[in-house]
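Report on the following structure.
The values are calculated or read from the model by the stated rules, or taken from the named source; none is laboratory data. Please read these numbers as outputs of a predicted model, since none were measured by experiment. Cβ coordinates were reconstructed from backbone atoms using ideal geometry, including for glycine residues, and neighbour counts include every protein chain displayed.
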Amino acid sequence: MQRRKLLQTFITATASAPLLTVAGTALAASSPAPKLQLDSSRWSPLNATRIQSVIEQFGSSSKTYDQTRRPYVVFDWDNTCIMNDCEEALFMHQINHLSFKLTPVEFAEVLRKGLPGGPFKAEAGHVTVDAKPVKMEDIADDVEADYRSLYAAKQANKSLDDIRQSEIFKDFRAKLYFMYDAICDSYPIEIGYKWVIYFFANMKPAEVQAMAEESNNRALGDGLRKTKYESSREIPGKAGVVVATHFHGLRIHEEMRILMHTFRANGIDVFVSTASLDDVVRVFASHPNYGYGVPPENVIGLRLEMTDGKYTNTYRQGWHFNWGPGKTIGIQNELVSKKGYDPLVVFGDSDGDAWMLRDFKGTQLGVIVNRMKKGEIGVDSQMAATSLGRRDARFILQGRDENTGLMLPDEKSIKYGKVERKLLA
């Protein structure tokens, strides 16, 4: 009960004049903090030098610093500030705890909302265990039938532990998470990223954020592990038997957390741009328990329409899709147009960040958490690789070990399940 009251205080503060800023930027503003050097810790030595040079050149110790035009930096969140994805962790948590406030009819509507019909992309591996195509219509029918049974079991006050032991729950979990991966790989990413947050419909922000905090805490205490979930062979349904894989576990990147405090201590403001629901990321970025100290209002992300203080299953009208080129639009509309100047440094890890890393002429540095990816982020990564060691490098690569979630003092990274360090895909 105490934790719920504390979280409700946090939510209320988020919606108005955030209490969390008292522990973060507001406190710093009331008593000037000493200028801090970057804690190099596990940063690549070249990267530590490059980031420190930007802080010295543009931070509050610089002779040209103007308090009325405070520089600012923008961080992606998932797989940049943390290891893994808190929105995906929350979706699995929501499934495992059957934390939906949807009737079977409402669930069926959300399940199919915005989805094209036909088979998912087979070449991306979204097929049955015997390599047969999986049609969206078929698997949606199976998941809907599972949900109806699980909903009835909850209404009959059956325990969650007993429900989880059932073949129906096994089928539901595997097929619903399979749908998420298949949707993201088969259709434009905008469809999948919006679809997964529609399942918050009928919940208040406080309810979603309480669920997000619980998910974060469980995932931080969990091992980093890729787990396969097979649907029920006893009830194959229309779609057949499928396997979904989820990467369990979250980790705080201490270097990013400390860097945020270093920026603020040097008069540089910190913002987050995420392709997750902004209210979900605010829990991680702003709650004092996690230590990042980002003011809740400084988080730009996806948004849903609200009715009577609750989320709906409709994306916010007129609000950009905050991924890829949309992140550039968000920064332009929410920051550049109001401040009159570009972000100083931008941080990212994937195609969702590639454009904001390179689109602003005034940006001095783009920091890429090296996941050895191709695509658009691969273009930025190639530019970083060709400028290793340059004092004016526009892009830099920062390595990490996906087996531990720790950053490495290197530009190279280690993929999950591997031991060798690599620079590029």
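A few notes on this one:
- Per-region count, region 58-100, residues polar (S, T, N, Q) and farther than 19 Å from Ile258 by Cα: 7
- Check on Ala393, closer than 14 Å to Gly366 by Cα, hydrophobic (A, V, I, L, M, F, W, C), in contact with a helix residue (DSSP H, G or I) (Cβ under 9 Å, 6 or more places away or on another chain) and modelled with pLDDT of 95 or more: yes
- Among the residues of region 120-138, just one is crowded, with 17+ Cβ neighbours inside 10 Å, in contact with a Ser or Thr (Cβ under 9 Å, 6 or more places away or on another chain) and not in a loop (DSSP other than H, G, I, E, B), namely Met136.
- Pair list, Cβ < 7 Å and 6+ apart or interchain, from region 58-74 residues that are more than 22 Å from Asp392 (Cα to Cα) and modelled with pLDDT of 95 or more to residues that are aromatic (Phe, Trp, Tyr) and surrounded by 10 or more Cβ atoms within 10 Å (Cβ to Cβ): Arg69/Tyr341
- Candidate set from region 307-335 (those that are touching a residue at least 60 places away in the same chain (Cβ under 8 Å), assigned to a loop (DSSP other than H, G, I, E, B) and among the hydrophobic types (A, V, I, L, M, F, W, C)); member that is surrounded by the fewest Cβ atoms within 10 Å (Cβ to Cβ): Phe321
- Breaking point among (1) under 28 Å from Asn403 (Cα atoms); (2) in a loop (DSSP other than H, G, I, E, B), for Asn157: (1)
- Search result, residues across region 100-116 that are outside any helix (DSSP H, G or I) and out of contact with any strand residue (DSSP E or B) (no Cβ under 7 Å at 6 or more places or on another chain): Phe100, Lys101, Leu102, Thr103, Gly114, Leu115, Pro116
- In the set (1) out of contact with any Phe, Trp or Tyr (no Cβ under 8 Å at 6 or more places or on another chain); (2) polar (S, T, N, Q); (3) surrounded by 14 or more Cβ atoms within 10 Å (Cβ to Cβ), the condition left unmet by Asn298 is number (1).
- Hits in region 117-172 - residues which are polar (S, T, N, Q) and within 19 Å of Gly237 (Cα to Cα): Thr128, Ser149, Gln165, Ser166
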